[in-house]
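S.K.: I have a structure I would like to understand better, so I am pasting it below and will then ask my questions one at a time.
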Amino acid sequence: MWSCCSTVRMLAQGVPLIPVPQIAANLVEECTAELERGPDPLPQNAIDAARYAVTDLRADLVGAESAAERAVISAALWDAGARLLLDVDRCWQGTGKGLLRSLRERDRIAADGLASELISGLECSASDPDALRRAIDGVLSHAGGALFENYSVR
């Protein structure tokens, strides 16, 4: 899981308050390059562990026995699915609304709608319990597929 420092985002995308224009321009350029470079790729074993966790939570959602269970599992599944999608595509992450903004930024660049589907899946999960599951299926497919049977950590 990669999370870009909020200060780097603020310097790259904010309004410079430094009275020395060249220093401000250098900071903006350096921070913009860091954001565009993205995080280093995760090792395959980390991606596999995330795929396993998401697959397991998806199975828990299907087997949820109450609305309360569905709500709790949906929240955990959405977060894990969002982070898996961003990790696979080497996108910076955030927490809270920062994670949501990172998903929107990812879709702006990738243009495949997977992050938007995931956001919509969470928004609709109360009225359409399968919406989040369908969105997660898309994320898992993008990441290499569900991973459960025969998975082991070595």
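S.K.: Angle between the Cα long axis of helix 97-110 and the longest principal axis of the chain, 0 to 90 degrees, nearest 10?
M.R.: Between the helix axis and the principal axis of the chain, the angle is about 90 degrees.
S.K.: Quick one: work out Rg over Rh on the C-alpha atoms of the chain, Rh as Kirkwood radius. Numbers along the way, then the final one.
M.R.: Working: Rg = 17.8 Å, Rh = 16.7 Å.
Expressed as Rg/Rh, it is 1.06.
S.K.: Note down the Stokes-Einstein diffusion coefficient of region 98-154 in µm²/s, whole number, using a Kirkwood radius over alpha carbon pairs, 4 °C, and 1.567 mPa s.
M.R.: Rounded, D is 104 µm²/s.
S.K.: Would you kindly calculate the translational diffusion coefficient of region 1-50, applying Stokes-Einstein with the Kirkwood radius from alpha carbon pairs, for 10 °C and a viscosity of 1.306 mPa s, and quote it in µm² s⁻¹ without decimals? Don't skip to the answer; put the middle values down first.
M.R.: Values: Rh = 12.5 Å.
Answer from the Stokes-Einstein relation: 128 µm²/s.
S.K.: OK, next. Cα axis of helix 67-88 to longest principal axis of the chain: angle in degrees, 0 to 90, nearest 10?
M.R.: In the chain, helix 67-88 runs at an angle near 50 degrees to the longest axis.
S.K.: What number, rounded to the nearest 500 deg cm²/dmol, is the helix-based mean residue ellipticity at 222 nm of the chain, given -39500 (n - 2.57) per DSSP H run of at least four residues and division by all its residues?
M.R.: On the way: 7 runs with 106 residues, N = 154.
Theoretical 222 nm ellipticity from helices: -22500 deg cm²/dmol.
S.K.: Here's something else I'd like to know. Once label points are set 7 Å from the Cα along Cα→Cβ at both Ile109 and Ala33, what is their separation, rounded to one decimal in nm?
M.R.: Going from the Ile109 label point to the Ala33 one covers 1.7 nm.
S.K.: Follow-up question, since we're still on this one. Pop a pseudo-label 7 angstrom from the Cα along the beta-carbon direction at both Asp128 and Ala46 and give the gap in nm to one decimal.
M.R.: 3.4
S.K.: With +1 on each Lys and Arg Cβ and -1 on each Asp and Glu Cβ, and nothing else charged, work out how big the dipole of the chain is about its Cα centre, in Debye to the nearest 20. Spell out each step's value before the answer.
M.R.: Numbers: 15 positive and 22 negative charges, 52 e Å.
Result for the chain is approximately 240 debye, rounded to the nearest 20.
S.K.: OK, next. Once you put a point 7 Å from the Cα of Ser116 and another 7 Å from the Cα of Ala71, both along the Cβ direction, what distance in nm separates them?
M.R.: Using points 7 Å along Cα→Cβ, the separation is 2.9 nm.
S.K.: Here's something else I'd like to know. Write down the accessible area per residue of the chain in Å², having rolled a 1.4 Å probe over the full set of protein chains. Intermediate results must be reported in sequence, preceding the final value.
M.R.: Numbers: 9130 Å² over 154 residues.
Heavy-atom accessible area per residue stands at 59 Å².
The values are calculated or read from the model by the stated rules, or taken from the named source; none is laboratory data. These numbers were taken from a predicted model, which means no experiment stands behind them. Every residue, glycine as well, gets a Cβ built from its backbone with ideal geometry; the counts of neighbours run over all protein chains shown. Quick note on the areas: whole protein, heavy atoms, side chains included, nothing else; ligands and nucleic acids left out. Shrake-Rupley method; radii C 1.70, N 1.55, O 1.52, S 1.80 Å.
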